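Novice: Below are the structure tokens for one structure; questions will follow.
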Amino acid sequence: DDLDLNPTVTVDDTNSCTTLHGILPSRKGHEALALVTPWSPSTHSSASLTAAATLLAHLATAPWRAKDLVWVVPNTSAPCELLPTMRTWVRRYMDSDSACARGGALQQAVVVEVPMMHAETAVIVHDL
């Protein structure tokens, strides 16, 4: 199944860092959880993007899910860094005057990264 997330792009005015995000709405739409997947062409981001997309596809059909899921893909290639780029995105997401697509109120965010390892792969989840 395709995930219809209606992606939106935001750009940090300071250093032109781009962030792509899409929203998987819940039935209620009052609260949201952000799933952050950093992207950089200089890293092996495809494994992280695949893991996050797989998780979202699974959660899309979960009958118990009560929060909107916001998939956030910030560009973390130089000069962009994860935390400043995410701070800009959160400010725009929370600003009611912004043209940024919104889901429910953000309650939590997790960063999912899959490091490249020789024989095995592990998923690292950071709580922001």
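The values are calculated or read from the model by the stated rules, or taken from the named source; none is laboratory data. Just so you know, these numbers come straight off a predicted model, no measurement behind them. Note that we place each Cβ from the backbone using ideal geometry, even for glycine, and neighbour counts take in every protein chain shown. Accessible surface areas use protein heavy atoms only, side chains included; no ligands, DNA or RNA. Shrake-Rupley method; radii C 1.70, N 1.55, O 1.52, S 1.80 Å.
Novice: What are the residues in segment 29-56 that are more than 14 Å from the chain's Cα centre (by Cα), modelled with pLDDT of 80 or more and over 16 Å from residue 74 (Cα atoms), if any?
Specialist: 30, 31, listed by residue number.
Novice: Go through segment 24-117 and tell me which strands (runs of 3 or more DSSP E), entirely inside it, have 1 or more residues that are in contact with a helix residue (DSSP H, G or I) (Cβ under 7 Å, 6 or more places away or on another chain) and open to solvent by 50 Å² or more (accessible area, probe 1.4 Å).
Specialist: 105-113
Novice: Any idea how many residues of segment 62-83 are without any contact (Cβ under 8 Å) to a residue 60 or more places away in the chain and within 20 Å of residue 28 (Cβ to Cβ)?
Specialist: Residues in segment 62-83 being without any contact (Cβ under 8 Å) to a residue 60 or more places away in the chain and within 20 Å of residue 28 (Cβ to Cβ): 9 in total.
Novice: I'd like to verify a number: residues in segment 28-43 that are closer than 19 Å to residue 17 by Cα and of a type outside the set (S, T, N, Q), how many?
Specialist: Number of matching residues: 6.
Novice: Pairs, please: C-beta under 7 Å, at least 6 apart or cross-chain, first residue closer than 20 Å to residue 107 by Cβ and in segment 8-31, second open to solvent by 80 Å² or more (accessible area, probe 1.4 Å) and at pLDDT 85 or above?
Specialist: Taking only residues 6 or more apart or on different chains, the pairs are 31/107.
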